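Student: The structure that follows is given in the form of C-alpha cells.
The values are calculated or read from the model by the stated rules, or taken from the named source; none is laboratory data. Note that the coordinates shown come from a computational prediction; the quantities given were computed from them, not determined experimentally. Here the Cβ positions follow ideal geometry from the backbone for every residue, glycine too, while neighbour counts run over all protein chains shown.
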Amino acid sequence: MADGAARQQKFKDLYVLATDGAKWTIDQDFEACFDWTYDDGRAAMMGLYEKGKEMQWNAQTRIDWSQELDPLNPQGMPDESLPVYAAPCFMKMNETEKGEVRRHFQAWQLSQFMQGEQGALICAAKIVTQVPDCDSKFYAATQTIDEARHVEAYKKLLTKFDAVYPITKPLAELIDQTLRDSRWDMTYLGMQVVIEGLALASFGTIRDHAKNALCAQVNAYVMQDESRHVAFGRLALRDYYPQLTQAERDEREEFLLEASYLMRDRFDAIELWQNLGLPIQECAEAMYTSGFMERFRNSLFSRIVPIVKDIGLWGPQVREGYEKMGVMGYANVDAQKLQDEDDTIARDFDARNAEIARVIARAGANQGQPAEAA
C-alpha cells in the first residue's frame, strides 16, 4: 500500500488522531518479591516455561514483510466483518470510499491490538517483579519478551496501513486499573485472563477469515504465544484462589465483571466514525444490529468464560453477569484444545511458508541451468 518513502516517516506521524502526549504514566505501589528458595516449582508451570523458551521467534525473519496489502481491503476481510457494512451511509458510498472505511477500521482494530500488547508487556514485567513464586517469575520473563515482539510485529504491520489510532478509553481504563492494583493476582486477572483472553478471540477472527496472508500470519503467530500466556494465568490463579476468603473472591468477581463489560464495549469505535465524518448514531445502531458483530462480541468470551470457571471465580454474580451477556454457553469449552489448535495453525503457516520457499528455490535453480539440462 504505502511506498518506501512514506514508510520511512516516523511512526508517531501515522496517528490520525491526537494522542494525550508522547507518554502515559501510571502510578503504582507494590512490593518487589525475591524468592531465595529457587524451588523447581510446579511441573505444569515449569513445562510452560520450557515451551516459552523453545518457542521464541524473530518477528523480522519468521514473517515475510515484503507482502503487500490491498488498499481497498488490507486484510481481505469479508464486508460482514465491518460493523457499518449495512449502514445506509456505507451502502451509498462508491468502492473507493468503502475501501477507505475498511482501511481505517482495520487500522483502528490493529492499533488496539498494538496498544494492548504494550500494556501486556508492562504487566508481564510487573508480574516478574511481584509474583512470589520462582517458577512464575521464570515463565513471566519469557512472556515479557513475547509481548515486546508482539508490539514490534503489530507496529510493522500498521506501518503498511499508513494509519494508527490511539488507545481507546475502555482499554486504557482497564490497563490503568490492572496496573494500579497492588495485588499480584489482580494483574493476572486483568491482563492474563480478560485482556489476553478477549484478544485471542479478536486475533482469531482475522487469522481465520483474512484473505491477506501477511495479516493472517501475524495474528496466527501472536496467538501461538498468547494462548500460552492465558494458560499461565490459569495455572497460577487456579492454585491461588482456593486460598482466599469468600469476601476476597467476591471482590475479584466484581472486578472481573466490570472488566468484561469494559472490554466488550471497547468496540464501539466512536472516535473512528467521528474521524471519518460518518453519522455516529447511524454507525452505532449498525454495530448493534449487525448479526456478525453480535456473534463477534459474544465470541470474544469464548476464551474467558472457561478460564474463569476453571480458576474458581464462578460465584453467583459472575454466573448471573455472564448469563445476561449471553455467553454462558462457553462455560464448557475445552481451553486446552483451543491452545493446541492455536499452536497447530501457527505451525501450518510455517509449513506452507517453507514449501513456498522450496518452490521458489527450485525455480531459481532451474532458471540457472542450461536449456538442455532444464
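Student: Return the total of residues in the range 86-96 being surrounded by 14 or more Cβ atoms within 10 Å (Cβ to Cβ) and part of a helix (DSSP H, G or I).
Tutor: Total meeting the criteria: 2.
Student: A further question on this structure: Go through P316, P306 for me and flag whichever is farther than 28 Å from W273 by Cβ, surrounded by fewer than 16 Cβ atoms within 10 Å (Cβ to Cβ) and not hydrophobic (A, V, I, L, M, F, W, C).
Tutor: Among P316, P306, only P316 is farther than 28 Å from W273 by Cβ, surrounded by fewer than 16 Cβ atoms within 10 Å (Cβ to Cβ) and not hydrophobic (A, V, I, L, M, F, W, C).
Student: Checking N219 against (1) in a helix (DSSP H, G or I); (2) surrounded by fewer than 23 Cβ atoms within 10 Å (Cβ to Cβ); (3) at pLDDT 95 or above: exactly one of these is not met. Which one?
Tutor: Checking N219 against (1) in a helix (DSSP H, G or I); (2) surrounded by fewer than 23 Cβ atoms within 10 Å (Cβ to Cβ); (3) at pLDDT 95 or above, the one that fails is (2).
Student: Specify which of the listed residues (M328, M293) is touching a residue at least 12 places away in the same chain (Cβ under 8 Å), within 30 Å of Q274 (Cα to Cα) and either aromatic (F, W, Y) or surrounded by 11 or more Cβ atoms within 10 Å (Cβ to Cβ) (or both).
Tutor: M293
Student: Ok, one more. With respect to R249, determine if the residue is of a type in the set (K, R) and surrounded by fewer than 17 Cβ atoms within 10 Å (Cβ to Cβ).
Tutor: Answer is no for this residue.
Student: Next question, about the same structure. Within the range 51-66, which residues are within 20 Å of the chain's Cα centre (by Cα), farther than 30 Å from R234 by Cα and outside any loop (DSSP other than H, G, I, E, B)?
Tutor: Within the range 51-66, just Q60 meets the criteria.
Student: Name the residue, out of L48, L69, L110, that is touching a Phe, Trp or Tyr at 6+ places or on another chain (Cβ under 9 Å), surrounded by 14 or more Cβ atoms within 10 Å (Cβ to Cβ), among the hydrophobic types (A, V, I, L, M, F, W, C) and not in a helix (DSSP H, G or I).
Tutor: Being touching a Phe, Trp or Tyr at 6+ places or on another chain (Cβ under 9 Å), surrounded by 14 or more Cβ atoms within 10 Å (Cβ to Cβ), among the hydrophobic types (A, V, I, L, M, F, W, C) and not in a helix (DSSP H, G or I) holds for just one of L48, L69, L110, which is L69.
Student: Here's another thing I want to ask about it. Return the total of residues in the range 271-290 being surrounded by 15 or more Cβ atoms within 10 Å (Cβ to Cβ) and without any contact (Cβ under 8 Å) to a residue 60 or more places away in the chain.
Tutor: The total comes to 1.
Student: Also: Specify the residue that is nearest to R180 (Cα to Cα); the eligible residues are those in the range 134-159 that are among the acidic types (D, E) and crowded, with 20+ Cβ neighbours inside 10 Å.
Tutor: That would be E147.
Student: If we keep just the residues of the range 328-338 that are modelled with pLDDT of 90 or more and touching a helix residue (DSSP H, G or I) at 6+ places or on another chain (Cβ under 6 Å), which is nearest to Y261 (Cα to Cα)?
Tutor: Here the residue is M328.
Student: Does the range 72-91 hold any residues that are modelled with pLDDT of 95 or more and not hydrophobic (A, V, I, L, M, F, W, C), and which are they?
Tutor: Listed by number, the residues that qualify are N73, P74, Q75, G76.
Student: Which residue out of E80, E54 is in contact (Cβ under 8 Å) with a residue 24 or more places away in the chain and among the charged types (D, E, K, R)?
Tutor: Step by step, each of E80, E54 is checked, and only E80 is in contact (Cβ under 8 Å) with a residue 24 or more places away in the chain and among the charged types (D, E, K, R).
Student: Another question about this same structure. Only one of A231, A236, A199 is surrounded by fewer than 23 Cβ atoms within 10 Å (Cβ to Cβ) and in a helix (DSSP H, G or I). Can you tell me which?
Tutor: After applying the criteria, what remains is A231.
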